[in-house]
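The numbers here are math on the coordinates, done by the rules we state, and not lab data. None of these values were measured; they are calculated from a predicted model. Don't worry about glycine lacking a Cβ; one is built from the backbone with ideal geometry, like all the others, and counts go over all protein chains shown.
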Amino acid sequence: MRIGITGAQSVGKTTLLNALRSENIFREYTICDEVTRRVKSYGLPINESGNDNTQRLIMNEHIANVFLHKNMLTDRTALDGLVYSTYLYKNAKINLLTLNYVMDVFDKVWPQYDHVFYIEPEFDMIDDGTRSIDIAFRDQIVDIFDSIIERKKLTMHRVKGSVRNRIITIMDYLEGR
């Protein structure tokens, strides 16, 4: 089963993923984390400074995650890549060819996820030294998430509350409760 966690920066995706690692159901899963941080470690800009190379590389990571692992859990999905690429295109940071590439990858990758859990902002952002803590930027990203989810009629499950509440929601859903 391929499971993704999606949402704007600094909403707790990686924190949730790290907490889910200890759940028995995920013992045989490949954990695909830190896609954006890995890209940053290559010396490429991320967040509101992303560029064509950044977005193409991020989408290539999503391709690898869903097509190489039958059972995987990830803290970013191809939707994240599409959302941030849409922002970057609207702000003239990437070109139309890159946006079209991202949309094509999204269309191929999205159906491969069996379950996607969406986290909306609930808490103050904490500076982790990697992700943007610009609230206006995050609000724009959330608006793009909402717009794409509605326009494409994407199916996903919303989780909220403390990390423990989010785990319970995900586990209950996966176990059919």
*Members of segment 64-91 that are closer than 19 Å to Ile148 by Cβ and not hydroxyl-bearing (Ser, Thr, Tyr)*: Val66, Asp75, Arg76, Ala78, Leu79, Asp80, Gly81, Leu82, Val83, Leu88, Lys90, Asn91
_Restricting to segment 155-172, count the residues that are in contact with a Phe, Trp or Tyr (Cβ under 8 Å, 6 or more places away or on another chain) and loosely packed, with under 15 Cβ neighbours inside 10 Å._
2
*With respect to the numbered conditions (1) surrounded by 15 or more Cβ atoms within 10 Å (Cβ to Cβ); (2) touching a residue at least 12 places away in the same chain (Cβ under 8 Å), which one is the sole condition not fulfilled by Asn95?*
(1)
*Tell me which residues, restricted to segment 21-77, are of a type in the set (Ser, Thr, Tyr) and under 14 Å from the mean Cα position of the chain (by Cα).*
Thr36, Thr74, Thr77
*Would you point out which residue out of Val83, Val66 is within 22 Å of Phe137 (Cα to Cα) and surrounded by 21 or more Cβ atoms within 10 Å (Cβ to Cβ)?*
Val83
*Looking at this structure, is Asp146 within 21 Å of Ile46 (Cβ to Cβ), surrounded by fewer than 19 Cβ atoms within 10 Å (Cβ to Cβ) and free of Cβ contacts under 8 Å to residues at least 40 places away in the same chain?*
no
*Residue by residue through segment 32-70, note down the ones that are part of a loop (DSSP other than H, G, I, E, B) and touching a Pro at 6+ places or on another chain (Cβ under 7 Å).*
Asn51
